[in-house]
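J.: The structure's right below; bear with me while I get my questions together.
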Amino acid sequence: MGLDWIGYGYAILVASGGIMGYAKAGSTPSLAAGLLFGGLAGLGAYQLSQDSKNIWLSLIASGTLAGLMGIRFYNSGKFMPAGLIAGASLLMVARLGLKMYEKPHEG
């Protein structure tokens, strides 16, 4: 299995969202959450790169963010940043869910 480029891209998106929240609004909670979840997503992408069945950290991080940011998007109606992160997180959850059903590659 090669590098999980999609997972790393998602991690960068999440972390940069936290950094942008801090830069634009001075929101320390956005910075902390973005770096925490971005770091977890990055670690999950690393684990997935090592073993294609090791999806759990990525699934927990993206599932939690999908729920939290989905609620924020529902309450605020603002696509940026809550809707974007909720949508990207839902796509990650779907991608990881499909990985659970892939047959192992013979090699």
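Just so you know, all these numbers are worked out from the coordinates, no wet-lab data involved. These numbers were taken from a predicted model, which means no experiment stands behind them. Ideal geometry is used to build each Cβ from the backbone, glycine not excepted, and the neighbour counts take in all protein chains shown.
J.: Between S16 and Y101, what's the calculated FRET efficiency when r is the beta-carbon distance and R0 is 25 Å? Round to 0.05.
T.: 0.20
J.: Taking only DSSP H segments of four or more residues, each worth -39500 (n - 2.57), what value at 222 nm results for the chain once the sum is divided by all its residues, to the nearest 500 deg cm²/dmol?
T.: That comes out to -26500 deg cm²/dmol.
J.: Excluding same-chain residues fewer than 8 positions from K99, which lysines have a Cα within less than 23 Å of its Cα?
T.: Straight-distance partners of K99: K53.
J.: Quantify how much of the Cα-Cα distance distribution of segment 5-100 extends past 21 Å, in percent.
T.: So the pairs more than 21 Å apart make up 26 percent of the total in segment 5-100.
J.: Check I55: other-chain or 5+ apart residues with amide H under 5 Å from its amide H, H built from backbone geometry?
T.: none
J.: To continue, here is another question. When a footprinting reagent is the concern and you count Cβ atoms within 10 Å, what order do S76, S89, S49 take, fewest first?
T.: S76, S49, S89
J.: Across segment 37-47, in residue order, what do the Karplus-derived ³J(HN,Hα) couplings come to in whole Hz, using 6.51 cos²θ - 1.76 cosθ + 1.60 with θ = phi - 60° and x for Gly and Pro?
T.: Those phi angles translate into 5, x, x, 4, 5, x, 5, x, 5, 4, 4 Hz.
J.: Please arrange V14, V93 by how many other C-beta atoms lie within 10 Å of their C-beta, fewest to most.
T.: Starting with the residue having the fewest Cβ neighbours, the order is V93, V14.
J.: Something else now. I need the phi-derived Karplus couplings for segment 8-13: 6.51 cos²θ - 1.76 cosθ + 1.60, θ = phi - 60°, integer Hz, Gly and Pro marked x.
T.: Working through the residues one at a time gives 5, x, 4, 4, 5, 4 Hz.
J.: Run the numbers on the chain and let me know its relative contact order in percent, using alpha-carbon pairs under 8 Å that are six or more apart.
T.: 24
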